[in-house]
Amino acid sequence: MAADESKDSGPDLAQGIALAELADGGKLAGHVGDEQVLLVRRGAEVFAVGAYCTHYHGPLADGLVVGDTVRCPWHHACFDLRTGEAVRAPALSPLTCWAVEQRDGKIFVRAQQAQPQRKPRQRAAGAAPGRIVIVGGGAAGFAAAEMLRREQYDGSIVMVSNDDAPPVDRPNLSKDYLAGNAPEDWVPLRRDSFYAENHIDLRVGTNVTAIDTGARTIMLADGSKLPYDSLLLATGAEPVRLSIPGADAPHVRTLRSLADCRAIIERAKAARRAVVLGASFIGLEVAASLRAREIEVHVVAPDKRPMERILGPQMGDFVRSLHEEHGVVFHLEDVAGAIDGKTVKLKSGGTLEADLVVAGIGVRPRLALAEKAGLAVDRGVSVNAQLETSAPGIFAAGDIARWPDPHSGENIRVEHWVVAERQAQTAARNMLGYGEAFDAVPFFWSQHYDVPINYVGHAESWDELTVDGDIAGRDCLLRYRRKGRTLAVASIYRDVENLEAEVAMERAAA
Ligand SMILES: Cc1cc2nc3c(=O)[nH]c(=O)nc-3n(C[C@H](O)[C@H](O)[C@H](O)COP(=O)(O)OP(=O)(O)OC[C@H]3O[C@@H](n4cnc5c(N)ncnc54)[C@H](O)[C@@H]3O)c2cc1C
Ligand code: FES
């Protein structure tokens, strides 16, 4: 996924534009040479930054300016207009900044500026820990290590992951990469040399078997121990395995890791027909990607409508018809009872032939380490507002963490990429003593063919659901309310309104 970054669009900002062309609070995209630049005016000040988000190149001119920041329309990354810093994930790399000159009622964009070094901020009392260990090499593990170095932490960082690959862009594994539309270099979050260059001791293919909170060590599968002063638990979630006869056949797969994805791609090369079990996000994204490979796809799920529990009936019906338009055949209110060779037997009595079966029937947080170590657990690792677990010095982030969400007023656990990264960024800063509360509004996106669904907030249930616009016309905003309060908003191609809803939720909780 990438915006059209066609060169030289908009005015030549090196030649200057009239200040009057840029209203206070306004944005304008132009170019300097063949670089696309976004101008933003805030009162008397004008900022010039790269025009495209460093995550997937979302066009920032279509985003939202909030204070001295700009938020990306696609997945809500946030950049500081003064420094270019990606202050909120999912973008992790800064925007380029340019010098701006105002003269004779005109604005001129001059030379690119060097990336300013972040100044270490005032920390709470106590020295930073000498040794930080991160268990998990996924969204949260990576974002924590990156943030520690960004904060100029110069102690030891060891990141232990039982994945075979260094941290990858997991959301891509059910979307472009699985569809065959993404080159290999889109998948790693950073090139391999990043870890050595940043003195991050990344140990892939390494299983952590226990944590000794008294001795402040973790145990590895080979029997060795690693000491820590502060620990981040970011073990994520694992797919729920099918427990029906035939589920262990080699053509029956689940999807979490790059290795899982490659195994599905290998099978897909020769497959004519696939059965996807489950009609939630991963199942349906997999269905869309397999359709892109021209495989016949049948989706079997117990639900009445896809995604109804999270998005409501109207969006559920739309998602179903969208997939049907692309040739997916649904078998709803039904489940697989057995897999016998290439035949999937349904509980309803029907049978489906399949060379490939992908089960997307949910995930479970990986809690075993936390439970064994005696940490407080409540359908997730319980953390406080600063994301610290019941054991001092041990933080948790991502799919495993259940935290006090100030927006819903509930202790919640979610399985969203952006939340995992942002929690890890907060946890990293708190390991350094900043004592910040995690207060980001939860956000996720899901992509089905050319239709992105953006969701901000958290609504496990609601008593009112309003639809503004036209879902079938792919131009809509749905509000999920309880007792008159908006808990969450889902939208298709209403990106600015989605961002505005995020800001409104932030302000309501402040
Ligand atoms: C295919 C797919 C597509 C997705 N698409 C989206 C999307 O579009 N939007 C969205 O918001 N979310 C999406 N998600 C969800 C998102 O990827 C997760 O919420 C996110 O990855 C959670 O990050 P995490 O760091 O908590 O866990 P993970 O990213 O799963 O990382 C956990 C890490 O811990 C390691 N680990 C676990 N146990 C141990 C152990 N004992 N020892 C050593 N290492 C261990 C694992 O190997 C892994 O490296 C998707 C998920 C999948 C699988
Ligand atoms: S493209 Fe900007 S946040 Fe994803």
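The values are calculated or read from the model by the stated rules, or taken from the named source; none is laboratory data. All values derive from a computational prediction rather than experimental measurement. Counting neighbours? That spans all protein chains shown, and the Cβs are built from the backbone with ideal geometry, glycine included.
Among the residues of the stretch 364-386, is there at least one that is within 30 Å of R273 (Cα to Cα) and in contact (Cβ under 8 Å) with a residue 24 or more places away in the chain?
yes
Would you please list the contacts, defined by Cβ atoms under 9 Å and residues six or more apart or on different chains, that run from a residue in the stretch 133-148 that is more than 10 Å from A428 (Cβ to Cβ) to a residue that is more than 6 Å from ligand 1 (Cβ to nearest atom) and of a type in the set (F, W, Y)?
The qualifying pairs are V133/Y228; G136/F142.
Given K372, K345, which one is of a type outside the set (S, T, Y), farther than 26 Å from G236 by Cα and out of contact with any helix residue (DSSP H, G or I) (no Cβ under 6 Å at 6 or more places or on another chain)?
K345
Please return the ranges of strands (runs of 3 or more DSSP E) entirely within the stretch 8-127 where 2 or more residues are away from ligand 2 (no atom under 16 Å from the Cβ) and crowded, with 16+ Cβ neighbours inside 10 Å.
Strands (runs of 3 or more DSSP E) meeting the threshold: 27-32, 35-42, 45-50, 97-103, 106-112.
If only one of A420, A424, A428 is crowded, with 22+ Cβ neighbours inside 10 Å and either at pLDDT below 95 or more than 21 Å from R379 (Cα to Cα) (or both), which one is it?
After applying the criteria, what remains is A428.
What pairs can you find where one residue is in the stretch 182-203 and within 14 Å of M159 (Cβ to Cβ), the other is part of a helix (DSSP H, G or I) and not acidic (D, E), and their Cβ atoms are less than 7 Å apart, with a gap of 6+ or different chains?
From residues that are within 14 Å of M159 (Cβ to Cβ), the pairs are L189/F142; N198/R149; I200/A145; L202/Y195.
Residues in the stretch 243-257: is at least one closer than 20 Å to H331 by Cβ, in contact (Cβ under 8 Å) with a residue 24 or more places away in the chain, within 24 Å of the chain's Cα centre (by Cα) and not in a loop (DSSP other than H, G, I, E, B)?
Yes.
Pairs please, first residue from the stretch 154-173 and part of a strand (DSSP E or B), second anywhere and modelled with pLDDT under 95 and not acidic (D, E), Cβ atoms under 8 Å, 6+ apart in sequence or on different chains.
S156/G130
Counting only residues that are closer than 30 Å to T217 by Cα, more than 16 Å from ligand 1 (Cβ to nearest atom) and among the basic types (K, R), give me the strands (runs of 3 or more DSSP E) lying completely in the stretch 307-418 with at least 2 of them.
Ranges flagged: none.
Look at V299 and say whether it is among the β-branched types (V, I, T) and touching a helix residue (DSSP H, G or I) at 6+ places or on another chain (Cβ under 9 Å).
yes
Tell me the strands (runs of 3 or more DSSP E) entirely within the stretch 439-510 that contain at least 1 residues that are under 22 Å from A279 (Cα atoms) and in contact with an Asp or Glu (Cβ under 8 Å, 6 or more places away or on another chain).
443-448, 451-457, 475-482, 485-492
Can you go through V187, V160 and tell me which one is away from ligand 2 (no atom under 16 Å from the Cβ) and surrounded by 17 or more Cβ atoms within 10 Å (Cβ to Cβ)?
Unique residue meeting the criteria: V160.
Name the single residue that is nearest to I282 (Cα to Cα) among those in the stretch 221-239 being assigned to a loop (DSSP other than H, G, I, E, B) and more than 10 Å from ligand 1 (Cβ to nearest atom).
If we take residues in the stretch 221-239 being assigned to a loop (DSSP other than H, G, I, E, B) and more than 10 Å from ligand 1 (Cβ to nearest atom), then D222 is nearest to I282 (Cα to Cα).
Restricting attention to the stretch 145-160, does a residue exist that is within 19 Å of the chain's Cα centre (by Cα) and near ligand 1 (Cβ under 8 Å from one of its atoms)?
No, the stretch 145-160 contains no residue that is within 19 Å of the chain's Cα centre (by Cα) and near ligand 1 (Cβ under 8 Å from one of its atoms).
Inspect all residues belonging to the stretch 430-437 and state whether any of them is under 21 Å from D495 (Cα atoms) and either touching a residue at least 40 places away in the same chain (Cβ under 8 Å) or part of a loop (DSSP other than H, G, I, E, B) (or both).
no
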